[in-house]
Amino acid sequence: MRIARPLSVFAAFATLSFTGLSAATSPQSIAPAVLVAAAEEASTIDRKAIAELVAPSFVIVEMTLKQDRGESPNGRNGGTMFEQYIGDERPLELPGFLLDASTVVARDPEVPSRFVKSIRVRQGAAAVDATPKAWFTEDGGFLLSLAAPLPAAKPLQFLGETAKPEGPVASVRAQDAQGIWALTVGSPEDRFALEFQQQGSVPVQATQSDSVTVDDKGRVVAFALSSRRSESSSAVNDPRRWPSIDNKAMESMLKETAKRADSSILRTTLHFRSPRKTQGSRQMFESGPEVATELETMSILLADGSLLVLADLVNTTTARLETIDVVDASGTTHQASFVATLRDWGAFLAKPKGDAATSLSGGTALSTADIAAYRNRLMMASSVRVVGRARVSDPMHVRPGGFDVGWRSIRFPTGIVEPMSAYLFDQDGALAAFPIAKREQPGERSRWARSFGALTPASVIAEVLRSIGDATDPTNIPLSEEEESRTGWLGVLMQPLDPELARANGVAELTRDGEFGGLVTFVYPDSPAAKSGIEPGMILLSITTPRRQQPIEITLEEMDLGWPGVFPWERLDELPEEYYDQIPAPWPPIEDSLNRTLTELGIGSGYELELANNGTSAKKAFTVDLSPSHFNNAPKFEAQEMGLTVRDVTLEVRQYLNLTAEDPGVIVSKLEPGQRASVAGVRPFEIIESVDDVPVRTAEEFGKAIAGKKDLRFTVKRAQKERVVKVSLTSATPGDGDGDAESGDAEPGDEPVKPSSTPGG
């Protein structure tokens, strides 16, 4: 059917006012709604006459929306977001048809009632108030009751239930044509469809939405609000006889849904240790956002009493997890303990502790039904979220209008209001869908923030929980502070490929002309790479692991290369002190993207590494080894009185600074601005070789060397240059105006030097 025509063609057809539907209607009284009988090929039916027969029954439903508690509805009508109607100060318009003097049928926009300010039904210049009367359970529409009759409106006439049309029939469809409502008359577009789903076939009637099929006398033969109608309603032409629930039943179902949500969707607070501070870290290059010390989220209390906590935590965040607080419907807080992280989904399992195991009740089952069976069907849901410190739950009705086929061919329901907080329940009270994120897999790198959760069929998660032993991630678990910064490693330094390097090394075809792969420039002695025979000049291509179907292509990020170019040692004295902790370390870090991927695979996990040598590729089997101490987790000593923290010199620091294992020294890892060490001239990344001419080789030795002393003499090495720095602990507090770190008396509040052997920080 061709309905897109130049304006001159449309003008040739009837333009009628809904106030009188008379050709004599004055231009001033013509309503925004325009009736158009679309020009098509010759037909046996008079299209203009059909339009004029149906027009008196056509109305516009105007739904004025509002904010509630500062929130706007999160959904759309066609291509327009609900909140845009509020901002534009205009109503959401829907096509409707008058069924009798006080009843109108229209498509259900599924706006939660708390966002609906008023509903009016308009025909021409006349408009009356309306209220919802009933909601269809199998088709996407509802019935409205009019507060008063519309003067010029005439109800639709229906062909008898057993009668058959004697002449030709036509399809009349209501459409919003660029702000002008139109009825287009064309050939019937009614088809039978047998849709095959995972659990069998479902007969439906396929047609145009917002349309009626009428005979040549304008009597309704078939009615359609959505493009897919169930068998039970498609067999009946009068919507008043479609399966539905009235206002009283809707209110009862919403109240019951609120109770279900209150007892099974619980506010949950996760408490974490403070994040480990990393010198010069650049968060935008981390593998996912870190949580500081607290996270508010939701958890689902399952029928077996366990908790599914909806939190997509990266390994380094879960490692810091300390306690889990779960708040029930009465406001009572319960403790829970971590059980296991789901490998593929952004959630983890927990179990209530102690008395909570018996006091937490009302868990929900997860539906195992195919979500596609709910298309267009009325479902109860609740929008549950945390606002500030309060759990907020608003029951509502929804209809899954369609599906996006996504990851692993999962059908994710679409057309749902409040999709990021909607928990859908089936008719038996089981949870049918809820928002949960797909977890990033080893080797996946999100440069920006992680994606939000998608409304996901509960049947998918139910299947995961049935085989939970194979569906958890043993590397994503809480760890002690000492274990938190453990890192897998291979033991190589690399530079990224480019087209020129790829062609020169004969791997252009293996790397998409240098799009991925790393050229080995250095191999750490006694590392897994060295023991397997990897040498400089080889090219690492990809990692194959059972965790992922596709190989993980090896790529390098900016932070993997260390400081770009030559580190400006000579300019450290010019840098303001407050920027010291923001300087990225000069050397390539052990915690690079390759080793982070290995860490995500799990210490002790097996994998295959594909590499190329002289243009020929091969695979080597490896087990993820734990790296030696590195700069960010090496043993440290905090000399609080002088504002100085030093660490053991680790292998990547020695390699970069060309130090041998016998060379003495500890490295400056942190300086407090304005404190004695900084004022005396100590700078980040310098090596303190000796204290009072006595060599120190570890942070522990450094702590012992300065213990009880008030005047200290450090031999400091910056790059290849040595100098002596004197730090006095008997001077006035730095920053009081004199700036002298080597003279004066100690302040009464000065703290003694305190040792610390805590890794990390």
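Which one, 645, 660, 696, is farthest towards the positive end of the dipole of the range 636-728 when Lys and Arg carry +1 and Asp and Glu -1 on their Cβ?
645
Would you mind ranking 455, 501 so that the residue whose beta carbon has the fewest other beta carbons within 10 Å leads the list?
With the fewest neighbours first, 455, 501 line up as 501, 455.
When 262, 428 are ordered from fewest to most other Cβ atoms inside 10 Å of their Cβ, what list results?
Neighbour counts put them in this order, fewest first: 428, 262.
Say R0 is 22 Å: what FRET efficiency, to the nearest 0.05, do residue 444 and residue 503 get from their beta-carbon distance?
Once rounded, the FRET efficiency stands at 0.20.
Given labels modelled 7 Å from the Cα in the Cβ direction, how far is it in nm from residue 420 to residue 535?
Label-label distance for residue 420 and residue 535, simple model: 5.5 nm.
Rounded to two decimals, what is the ratio between the C-alpha radius of gyration of the range 245-480 and 2.2 N^0.38 Å?
1.02
Which distance in nm do the two modelled labels at residue 697 and residue 157 give, with both placed 7 Å along the Cα-to-Cβ direction?
So the two model labels end up 10.6 nm from each other.
Quick check: convex hull over the Cα atoms of the range 636-728, volume per residue in Å³, rounded to an integer?
So the per-residue hull volume is 82 Å³.
Lys/Arg Cβ at +1, Asp/Glu Cβ at -1, dipole of the range 245-480 taken about the Cα centre: which of 341, 441, 423 is farthest positive-ward?
441
In whole Å, what is the distance between the alpha-carbon centres of the range 109-136 and the range 450-482?
43 Å
Which distance in nm do the two modelled labels at residue 251 and residue 294 give, with both placed 7 Å along the Cα-to-Cβ direction?
3.9 nm
Quick check: Cα centre of the range 534-588 to Cα centre of the range 642-693, how many Å?
Spelled out, the Cα-based centre of one part sits 21 Å from the other.
Return 600, 610, 89, 722 ranked ascending by Cβ neighbour count within 10 Å, so the fewest neighbours appear first.
In increasing order of surrounding Cβ atoms, one gets 89, 722, 610, 600.
Distance cut-off 22 Å, Cα to Cα: go down the list 670/717; 133/154; 255/438; 133/217; 255/351; 48/217 and report the pairs above it.
Beyond 22 Å between Cα atoms: 255/438; 133/217; 255/351.
With +1 assigned to the C-beta of every Lys and Arg and -1 to the C-beta of every Asp and Glu, and no other charges, what is the dipole magnitude of the range 355-488 about the Cα centre in debye, to the nearest 20?
Dipole of the range 355-488, to the nearest 20 debye: 600 debye.
Throughout, read-outs are computed from the coordinates displayed, never taken from laboratory work. Fair warning: this is a prediction, and the values are worked out from it, not measured in the lab. Counting neighbours? That spans all protein chains shown, and the Cβs are built from the backbone with ideal geometry, glycine included.
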